[in-house]
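Down below is the structure, laid out as structure tokens.
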Amino acid sequence: MTEAHNNPCPTARVLLPLPGNEAFGRHLAEDGRWELGAIETRQFPDGESYVRIRSDVAGKAVDLVCTLARPDDGFLRLIFAADAARAFGAREVTLVAPYLAYMRQDRRFQPGEAVTSKSFARLVSSSFDRLVTVDPHLHRYPALTALYTIPADTLHAAPLLTDWIAAEVNDPLLVGPDEESEQWVSAIAARIGAPHAVLRKIRRGDRNVDVELPDLSKWRGRQPVLVDDIASSGRTLIEAARKLPLQGFARPVVVVVHGIFADDSFQRLAPLCSRIVSADSVPHQSNAIGLAQLVARALGSSATPSADLIRRRRPPEPLDEVERAGFDSFPASDPPSWTSGVR
């Protein structure tokens, strides 16, 4: 464990939130009783980025706080800030990314494709000493340490989702989006003594998803709660929310970790639900579950989470399989319908 992890002095650590991450950075600094620093950024007329660290970082552990949802717009600023922190004497530079991008393209599905998960990991690993993130979208990689060459803390928000549901929803029925979520959803349900079920998802493309509901009649009268780690296109949640009332249920509550809500998915989902709630890994109007305390604890120490709280979309594959190209496989975000139940 490094000196930064053991040092009890609050001033030994300074948090620098990138633009758009100020609220999360402030909550994190308050929870950890650390210094909240400042970064100045702007764009030159030619589109290039200007970055200036306005805090003293010499001899301190520096945490750059930046969610990586929609990363392309601000990633260079993040790298420039990391380099600047190191140049001005930071003891170590950690990336605190509540949402971690570029996890889905984890193999070549067509000849000539870039394996962007590996390229992105190389860039991050070359600029930071440590990575802290929440519920990364793991597919074929067994863990982030198979992809990143720096220490990578993978935190899990399932207990926080559990606490929110227990406090806010009466008589919940937890509903997972697909059969691969069974272990994750059942663990959440068990913690609050609630029943659970999972849907069968049939994905025919990035924006063409159908779901099949099991017979839920024995739980009629309970409040359905759709839970998932990521709401991106929102198609699965939209289809599930449409079909639950057909079995006599009230409009569902939706609880997710990462609320990406691309395009108009939130506007389409909202009328179908009684409430939509997300953690604050991605700034959004649905944010109601704070992650700062979870992240603050991790910055001081690492804990191995319970395996049943890791939301996996499929079992990890040997790394040599990840490298292979082939026409018989589909992107992790676009599996063929016949793989829906494969564990």
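The values are calculated or read from the model by the stated rules, or taken from the named source; none is laboratory data. Predicted model only: the values in this text are computed from it and were never measured. Note that we place each Cβ from the backbone using ideal geometry, even for glycine, and neighbour counts take in every protein chain shown. Accessible surface is based on the protein model in full, side chains and every heavy atom, while ligands, DNA and RNA are left aside. Shrake-Rupley method; radii C 1.70, N 1.55, O 1.52, S 1.80 Å.
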For PHE75, tell me the accessible area in Å² from a 1.4 Å probe, rounded to the nearest 10.
30 Å²
Keeping every protein chain in place, order HIS27, HIS156 by accessible area at 1.4 Å, biggest value first, i.e. largest first.
HIS27, HIS156
Could you tell me what percent of the DSSP beta bridges with both partners in the range 1-114 are antiparallel, to the nearest 5?
30 percent
Be a star and scan the range 30-44 for residues whose amide nitrogen sits under 20 Å from the point 7 Å along the Cα-to-Cβ vector of LEU76.
39-44
For LYS201, LYS243, give me the order by solvent-accessible area with a 1.4 Å probe, most accessible first, ignoring ligands, DNA and RNA.
LYS243, LYS201
Given a cut-off of under 8 Å on Cα pairs at least six residues apart, what relative contact order in percent is computed for the range 221-264?
57 percent
Under 30 Å from the Cα of LYS218 - lysines, other chains or at least 8 residues apart
LYS201, LYS243
Solvent exposure ordering (accessible area, 1.4 Å, most first) of ASP73, ASP153:
ASP73, ASP153
